[in-house]
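A.B. asks: Could you have a look at this structure, given as structure tokens, before my questions?
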Amino acid sequence: MGTAENLPKNERIIRTIVGSVLIIVGFLLPGFLKPLSLVLGLCFLFTAYIAY
């Protein structure tokens, strides 16, 4: 099993902000964009706090 370093602090902050905005906007978008925005937002938040 390989090890990975954690993200730098500034990249973690940017990913958290972008992920949060995508999740909030995802509730306002119609159709296909709604689940796409929610999934992308969750991916950004997940990768911000878990080393990938």
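A.B. asks: Taking K and R as +1 and D and E as -1, what net charge do the other residues with C-beta under 11 Å from the C-beta of Ala48 add up to?
C.D. replies: Residues near Ala48 contribute +2 overall.
A.B. asks: Another question, if that's okay. Each residue of the range 32-38 in turn: what ³J(HN,Hα) in whole Hz from Karplus with 6.51, -1.76, 1.60 and θ = phi - 60°, glycine and Pro shown as x?
C.D. replies: 5, 5, 5, x, 5, 5, 5
A.B. asks: Also, I was wondering about something else. Mind listing the phi-derived Karplus ³J(HN,Hα) values for the range 12-28, rounded to whole Hz, using 6.51, -1.76 and 1.60 with θ = phi - 60°, and x for any glycine or proline?
C.D. replies: Along the range 12-28, the couplings run 5, 5, 5, 5, 5, 5, 5, x, 5, 5, 5, 5, 5, 5, x, 6, 9 Hz.
Laboratory data are not the source of any read-out in this text; all were calculated from the coordinates shown. Quick caveat: nothing in here was measured; it's all calculated off a predicted structure. Note that each Cβ is placed from the backbone with ideal geometry, even for glycine, and that neighbours are counted across all protein chains shown.
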